[in-house]
Each structure stands twice: as C-alpha cells, then as structure tokens.
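For reference, the structure discussed in these notes is given below.
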Amino acid sequence: MIVLGTLLGCAPMKIKRDDPLIGKIFASEDQREISYKDWFAKAILADVIYLGENHENADHHQIQFDIISDLIKAGKKPQLGFEFFSVDQTSYLMAYANGKGKGVHGSVSPKSREKILRVNLGWQNRSDRNWQFYFRLIKLAKTHQLTIFGADLPAGTVSRISRGGIDALTPVEKALLQPTGFNNPAYKKLMFEKFKANHCGYARTAHQNRMYQTWVARNDTMARSIVAMSASRPEEPVVVILGGGHAEYNMAVFERVRVLSPEIRQMNLGLQEIYLEPAPLESYLETTEIDGVRFEPAHQFFWFTQRFSYEDPCKRFRKALKKMSKCDK
C-alpha cells in the first residue's frame, strides 16, 4: 500500500514517545498479552508466518531477523519470501544464496557480489539504509543455505496497472498475472476507505479503481508464490516479509492463500507501530463491519513497537492533495 509520507519524501521526526504497549505481544482473539516464548511455540507449528512490517522501521527488521534466527536455532530451515522482490528476481536471490563466490573470471569478493546482486535487483538507487534491512536477511539465508524467493509481481507490471488499469495491459503482460478468482465486495469497499484515509481523506475514483486492481493483482501473485513454495517443502515454514497491509484482517494475501490451499496453517503477526497519539489497546484491536460483513482485528497477533516517524504527512501536504483530488473525479 502507498504510504504517503514515504511517497512524498518525508524524513522522520527525531522524537520518541514512551508507551506501555511497546515491546509487548497481544493475541487479538482474547486481547491478552502473550510472551514471546508462547508466541514462538505457536509460530513454529505454522506452515506460513507473515511478519507484517512498516518498511522504514528498523525495529521491525530487527524483530524479523530475530524470529528467523530463532526458527533456525529450533532446527527449522524456513523459506524466506519477500514482497519487496518480484517472482522473476528469485533466481538472482537464489544464485547469491547458493553461490560459492566464483565467477567466470575467478573469485569474486563478498562486496562485489553484494553490488552485483543489488544491481540485478534494481536497488542500486535506493538508500543504503533500506537495502541493508533486506540484505541482512539475504545474508542470513546464504549462511544457513535457506531457500529465498521474490513473491510479488514485476515492478514494471505493477506500474503499468497502477497507471492504466488491467485493461490497458497487452496480452503478454496479462499472461504474467496469476489471478486467484477470489473476490469480496465488502473487502473492496474496505480497501477504498483505507486508500482514502492513506491519502488524507481525498479520493479520486478512477485512481482508487486502479489502485485496487494493482492491489489484487499483487496479492494474487504473492499468494500463488507462497502456496507453491509451501507445497514444495511442506515440512518447513514459509516466512513472508511484507507490508502489514498485505495480511490485514486475515484478507489480502492471507485470504487468497486460504482459498487456494485451505489446509495451510497461517499465522499473521503484525509489527504494529504505536499511534501518533496515545491510545488504549482496545483501539488497535477493533473489528470493522461493512455491508454486514465483519472483519476481524487487523492481525492475529500484534507486536507493538516505537514509530518510525511522528510527523503527520497530511499536515504538510493537505493543500497539494486537495489540488490533486480535483484532477480525476
């Protein structure tokens, strides 16, 4: 999902807020705090574990690293899937993870291999900070010879849908899509409301339609990728690193995996930043109802963390967004 502050290049404010929820894990089913030990005992039984993140939050990436490391210590060889990499980039990831450090002209230094991988993945122009968040997990996969895969649609296809919609794609581009056929009108309405909220209350109907088409196409592709990897080695968990929205309400990727393969045991952990303003636990665990359909709390388990930024992007860009909103009604 588009995060407006990131899209518009906002830098985080250098402030933090103490909050009693930070560092605690809660189960949404009974709204009770659960220890990491007890949570992990449940997680190790799952076939698919979603670790939903804010892409910019360093705390989230550290928690992901620790969970995967603990799975390895427990004797598992988790298969790592990434929203941030596409299915066609899986070969680059696996070549790095399984490579021996030699090329056609002899040995290649670790730094050179990292640089080559970064270019192959199209990350050469992204910040070093963000690259290291994910490269650290790639190195962990290499050290322990884990399977690693990109789960998302190719970036070019995503861009084409978001700009022109699926109908604008050529037959060759449409062949890249992996529709599950799953459709939930109430969920579509829910996502339109979230798109509007993420754009500070301003909505452009045509833009929302394209965003939803993009959202569905990406979630379909990730779901099929996860199901395929889980089926290949059902004894090992698939750990998916993705934005928290892609598993919220046990919908999006989660629901599509369930439709494709109902027997897969899924766990949805949301790495939840505290709100801008202090709020009680209950406000994070609220259910949502649309057209008579009740959506559960955003995640099965919430792990609360500090925020990446306390700046409200809407405050700075409300005038610009209002002007943008008039362009496509």
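Odds and ends about this structure:
- Among the residues examined, Pro262 qualifies as open to solvent by 30 Å² or more (accessible area, probe 1.4 Å) and outside any strand (DSSP E or B).
- Among residues of the stretch 301-312 that are buried (at least 20 other Cβ atoms within 10 Å of the Cβ) and part of a strand (DSSP E or B), those with a Cβ under 7 angstrom from a residue that is among the acidic types (Asp, Glu) and at pLDDT 95 or above, sequence gap 6+ or separate chain, pair up as Thr305/Asp59; Thr305/Glu273.
- Total residues in the stretch 136-187, condition open to solvent by 60 Å² or more (accessible area, probe 1.4 Å) and either closer than 16 Å to Leu93 by Cα or assigned to a helix (DSSP H, G or I) (or both): 13
- Selection status of Leu71, assigned to a strand (DSSP E or B) and either within 22 Å of Ser232 (Cα to Cα) or open to solvent by less than 60 Å² (accessible area, probe 1.4 Å) (or both): no
- Within the set Asp66, Asp59, the sole residue that is in a helix (DSSP H, G or I), closer than 14 Å to Arg136 by Cα, open to solvent by 40 Å² or more (accessible area, probe 1.4 Å) and in contact (Cβ under 8 Å) with a residue 24 or more places away in the chain turns out to be Asp59.
- Pairs are defined by a Cβ separation below 8 Å, a sequence spacing of at least 6 or placement on different chains, a first member in the stretch 99-113 that is at pLDDT 75 or above, and a second member that is part of a strand (DSSP E or B); the pairs so defined are Val108/Lys102.
- Among the criteria (1) in contact with a helix residue (DSSP H, G or I) (Cβ under 6 Å, 6 or more places away or on another chain); (2) without any contact (Cβ under 8 Å) to a residue 24 or more places away in the chain, the one Leu80 does not fulfil is (2).
- Selection from the stretch 246-259 of residues that are in a loop (DSSP other than H, G, I, E, B) and either touching a strand residue (DSSP E or B) at 6+ places or on another chain (Cβ under 8 Å) or charged (D, E, K, R) (or both): Ala247, Met251
- Restricting attention to the stretch 188-221 and to residues that are in a helix (DSSP H, G or I) and hydroxyl-bearing (Ser, Thr, Tyr), the residue that is most open to solvent (accessible area, probe 1.4 Å) turns out to be Thr205.
- Positions within the stretch 222-245 being in contact with a strand residue (DSSP E or B) (Cβ under 6 Å, 6 or more places away or on another chain) and in a helix (DSSP H, G or I), in sequence order: Met222, Ser225, Ile226, Met229, Ser230, Gly244
- Among residues of the stretch 11-52 being within 20 Å of Glu277 (Cα to Cα) and touching a helix residue (DSSP H, G or I) at 6+ places or on another chain (Cβ under 8 Å), the one that is surrounded by the most Cβ atoms within 10 Å (Cβ to Cβ) is Phe26.
The values are calculated or read from the model by the stated rules, or taken from the named source; none is laboratory data. Predicted model, so just to flag it, every value in this text is computed and none were measured. Cβ atoms come from the backbone with ideal geometry, glycine included; neighbour counts cover every protein chain shown. Ligands, DNA and RNA are stripped out before the accessible areas are found, and what is left, the full protein with its side chains, is counted by its heavy atoms. Shrake-Rupley method; radii C 1.70, N 1.55, O 1.52, S 1.80 Å.
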